[in-house]
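The values are calculated or read from the model by the stated rules, or taken from the named source; none is laboratory data. Remember, it's a predicted structure, so these values are computed and weren't measured experimentally. Quick reminder, even Gly has a Cβ in these numbers, built from the backbone with ideal geometry, and neighbours come from all protein chains shown.
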Amino acid sequence: MWYLSLLFILFLIIIFTYFVKEYQRYRLELDKTLLEYHSYVVKMDKLEKENIQLRRELAIEKNAAKERKEKVNQLKAAFLANISHEIRTPLNAIVGFSNLLIESKDVSERRQYAQIISANNELLLNLVDNILDLAKIESGYLCLHTSSFSLSELVREIAMKCESRVSDEVKIIVKKTENDYWAELDKKRITQVLEHFVMNALKYTSQGYIEITYEVKEAAVILSVTDTGCGIPSDKLNKVFDRFEKADSFVQGIGIGLSICKSIVEQMGGCIGVESELNAGSKFWIEVPCHPICCSEEKNSVYLMS
């Protein structure tokens, strides 16, 4: 009977070994499950924190967007109020001086009235052009038409065109380069940008000079207008190219000219900037990509246009 006892003992050992292995396997699976659960809890905690952070950032962005929208609405309201004044002012001048022109018999008076009417016609035309350009930019229909032209002639033409608006206390200077260069760009739009720079300089410069110049690089040209005017406050310097923004709300204009200039230059693939010091003057410049071609030598000097 001893072998039966031995078999029974072996059976118990086998059963015990089996249960020990099953217990160990169960513990390993349990530990693995607990580890996965802990990892899951950690991930969920991390996701919850990220979700809270995202909600905070979304709330901040939402508030910022709301503030931007309110600011734009305020600027648009001011723009509409301002534009009605900007349209009425030249129209009233045109109507009033047209009546005086009809009634006047003096030749010099009639000539003076005609000049005033012409100046206000130009103001009105520039205003309409700016509004149309703004509409083209908004709709994405602003087109560029390139042609080859002399950069030296361009700056001289702009100076001559603006000469009649210059007071006796202000001189327009065209700084010549060592050589004359030709560039293939949209001359009309480049002229529009530089003329706006000059007209802005005239508004803020009561004495001193306004200098128009250009500088050529291997694959770009820099055109600039420098004045000795009142300058721009530092807190407004980074906003001058924003739409509906004006450095001085009492100065004539609707606050879209520099924004249009920026859009034009950026469409050309260039950049625009300003350097200014309060009560010391400003320098507005653009840099547009092109390959200037040297055509003739010019003596490095300046032209005084007024």
Candidates Ile87, Ile52, Ile60, filtered to the one that is among the hydrophobic types (A, V, I, L, M, F, W, C), within 30 Å of Leu127 (Cβ to Cβ) and either surrounded by fewer than 12 Cβ atoms within 10 Å (Cβ to Cβ) or at pLDDT below 90 (or both): Ile87
Conditions (1) assigned to a strand (DSSP E or B); (2) without any contact (Cβ under 8 Å) to a residue 40 or more places away in the chain; number of the one not met by Ile173: (2)
Conditions (1) assigned to a helix (DSSP H, G or I); (2) hydroxyl-bearing (Ser, Thr, Tyr); (3) in contact (Cβ under 8 Å) with a residue 12 or more places away in the chain; (4) surrounded by fewer than 16 Cβ atoms within 10 Å (Cβ to Cβ): number failed by Ser167: (1)
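Identify, please: which residue in segment 181-210 is farther than 14 Å from Cys162 by Cα, among the hydrophobic types (A, V, I, L, M, F, W, C) and not in a helix (DSSP H, G or I) and is, among those, nearest to the chain's Cα centre (by Cα)? It would help to see each step written out before you state the result.
Pass one, segment 181-210, residues farther than 14 Å from Cys162 by Cα: 181-190, 204, 206-208.
Applying the additional criterion that residues be among the hydrophobic types (A, V, I, L, M, F, W, C) yields 182-183, 185, 190.
Narrowing further to those that are not in a helix (DSSP H, G or I): 182-183, 185.
On the way: Trp182: 27, Ala183: 24, Leu185: 20 Å.
Across segment 181-210, the extreme among qualifying residues is Leu185.
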Lone qualifier among Lys175, Lys188 - being touching a His at 6+ places or on another chain (Cβ under 8 Å) and either modelled with pLDDT under 90 or in the same structural domain as Gly208 (by TED's automatic domain parsing) (or both): Lys188
Among the candidates Leu142, Leu101, Leu123, residue that is more than 18 Å from Val193 (Cα to Cα) and either surrounded by 15 or more Cβ atoms within 10 Å (Cβ to Cβ) or touching a Ser or Thr at 6+ places or on another chain (Cβ under 8 Å) (or both): Leu101
Long-range neighbours under 6 Å by Cβ, at least six apart or interchain, first residue free of Cβ contacts under 8 Å to residues at least 60 places away in the same chain within segment 256-282, second hydroxyl-bearing (Ser, Thr, Tyr): Ser276/Ser282
